Amino acid sequence: MAGMNRYVVAGAAFVAAISAGYVMQNGFGGGGHGPTQLAAAQPVTAQSMLPIPAAPAPSAPVVLSDISHVSALPEEGVNRAAAEAAPEAPAVVPALVPAMDTAAAAYDIALAEDPAPAKPTLGTPVGELMEPIAKPAPDTTPTDTPAEAASDKDAAAPVCEVALQAEQRAAAMVHLVLDAPCLPNERVTFHHSGLMFTLATDADGHLEAEAPALTETALYIASFAAGDSAVAMVDVDSLIFYDRAVVQWKGAEGLHLHALEYGAHYGEAGHVWADAPRDLTVAARGEGGFLTKLGDPSIAEAQLAEVYTFPTATAAREGDIDLSVEAEVTAANCAQELDAQSLQVHEGAAPVVQDLVLDMPECSAAGDYLLLKNLVNDLKIARN
């Protein structure tokens, strides 16, 4: 790569250490166990104050043996993976679904063309799974004076009604609708099988977002700082056709997930990342992957994530998908410890989790990038 300064970081200068746990309520770190599996209808609405379930347990630690420090992003048309001197970590070779459910695949394409087609019943109504929270009966005891009645009314604590709806979309995505009229302009963190991202309600306490599913029976929890929360579940039967790679972190921006499809170079059509995310209809039709950005970076200490989705089981062609993560050195994260986490999902199986603690370079390196090649596994697409 002409005109580019690069070297492989070694020793204690930039240490990438994998931690062994995760607590959803407090960010990264701590213990965890597998997600609770629940049957659900789709779409569903539920209101509850359920505890946030633990994230999937991290797998065995991964040694990040390939960390490159580069002075800038590669020039367009340059294949960074081919230019790396250090050997790459072995790629994961996912097998295709032996017998594709063509009806389900066709339904996924229909979802891409029409986000709200008629849907079959997919399970037990959520009302049969969870009893509604009983509300106290109104106090009908007559009062002696209007003043006493007003005093009793003022003493009653207001009830905050929070409702969350979840509905399946194309490419194993889920449309979330949150309504919390008593919580306008408030930050709220969504939790789903280890995935976390932070958004804010509008002036009416309303919020809508598109989120990926990481499990076929997908449970989403919206949690406010004051303790108010709501939960919704939805069946996402098309997840078995897709592979997902997730990178998430807390606070300052600086991490980016990159996918180079079928030998593409940086800046070419097959380079999928935050500045070229593509539309989900590409994946629904088996033509390629797309990237979803989650979380609002303008919110202080927000949970942020990037998710790459590829239609492994319905891909129109075979080949390799090279995945990597870049950590940009910025004024907000230089000379600090960067905590991050990766999750990967294959054919609807439970997410595989890896925690990362990375010592960022000094602030004099601001504008440079650390290339992490084996925090996420590459994909090899083969036809039966």
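Couple of notes before you dig in:
- If the chain linking V177 and Q336 were pulled fully straight, counting 0.36 nm for each residue of separation and taking away their Cα-Cα distance, it would gain 53.6 nm.
- Basic side chains Lys and Arg get +1 at the Cβ, acidic Asp and Glu get -1 at the Cβ, and with that the dipole of the stretch 189-253 about its Cα centre reaches some 300 debye.
- Simple point charges give the picture: +1 on the Cβ of Lys and Arg, -1 on the Cβ of Asp and Glu, and for the stretch 301-353 a dipole about the Cα centre of about 200 debye.
- Label-to-label distance for C160 and K380 is 5.1 nm, based on points extended 7 Å past Cα in the beta-carbon direction.
- Cα-projected label distance for R317 with C363, points at 7 Å along beta-carbon direction, nm: 4.7 nm
- For the pair D296 and E216, label points projected 7 Å from Cα toward Cβ lie 3.6 nm apart.
- Ordering of 322-329, 290-297, 166-173, 360-367 by packing is 166-173, 322-329, 290-297, 360-367, highest average first (other Cβ atoms within 10 Å, averaged per residue).
The numbers here are math on the coordinates, done by the rules we state, and not lab data. Bear in mind the structure is a predicted one, so any value in this text is a computation, not a measurement. Positions of Cβ are backbone-derived with ideal geometry, glycine not excepted, and every protein chain shown enters the neighbour counts.
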